[in-house]
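Encoded as structure tokens, the structure appears first; notes follow it.
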Amino acid sequence: MTTTADHATPPRTGDWIIEARDLSKSFAGFYAVRGLNLQVQRNTIHALIGPNGAGKTTIFNLLTKFHQPTSGQVLFNGNDVTRTSMAELARTGMVRSFQISSVFPSLTVFENVRIALQRKSGLSVRFWRALSALDGLTARTDELIQWVGLAEWRNIEAANLPYGRKRALELATTLALDPEMLLLDEPLAGMGHEDIDRVAELILRIAQERTILMVEHNLSVVADLSDHITVLARGQVLAEGAYDAVARNPKVLEAYIGGVA
């Protein structure tokens, strides 16, 4: 894999798009996340990594409002969104790909992307409304399909797509919502080398105009894609920085003894 994180416009220091302040979440007295402070800089790819049980998924759930925190605060674009609903947060410009994008296996690539655009535009299909009412979405639908490299699969049902192409379709339906920030949970999991390279390149292209926070277990991908990395252990920040720095951190090496999760 040869892609590298090389964004045209370097982010301004302190230009945080999302912040977690002293964020904690307990389940029946067990703290999955405790006192977390996280800052994601605008127009970067920021990776969360850590061994199994480090709290990565819980943090994603807290940031995207799938869970409410036990204590602490979440800010998006400087606004307190700690008690904001998932739907409202998506409307403000932050989406989580696997939660927001709806890929219907029996519908074609084109139909899936158009449905996502309908959600963004406020249009819906009703029995008294002709399908021609959706014609205005056709050009944008095809533009997104072309952009993610699915033009030749346009009329193929999603169920018949190769796995890597399905992930590209999920990204297309997410982009249809025109988000400012994407949270991607293991976007390259289960892929072969060819699909990894294709989708990683797509993530880099998306990041030219948007901020990405991702959980990813493939450390080679993390090294190639990420501008900044936060390493988690037991629900707390263990280390932060560029990949080369955190990879040499003795605390990080100790946390990963016994295998990388």
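Checked against (1) closer than 29 Å to Ile145 by Cα; (2) buried (at least 17 other Cβ atoms within 10 Å of the Cβ), Gln208 passes all but a single condition, namely (2). Within the range 128-160, being modelled with pLDDT under 95 and not in a helix (DSSP H, G or I) holds for Trp128, Arg129, Ala130. Identify all residues within the range 48-71 that are at positive phi and of a type in the set (D, E, K, R); write none if there are none. Result: Lys65, single match.
Is it the case, given these coordinates, that Leu89 is under 23 Å from Leu188 (Cβ atoms) and of a type in the set (A, V, I, L, M, F, W, C)? So Leu89 does not fit the description; no. Condition check for Asn218 on (1) modelled with pLDDT of 90 or more; (2) crowded, with 16+ Cβ neighbours inside 10 Å: one failure, at (1).
The values are calculated or read from the model by the stated rules, or taken from the named source; none is laboratory data. Quantities reported herein were computed from a predicted structural model and do not represent experimental measurements. Heads up, the Cβs are rebuilt from the backbone with ideal geometry, glycines too, and the neighbour counts pull from every protein chain shown.
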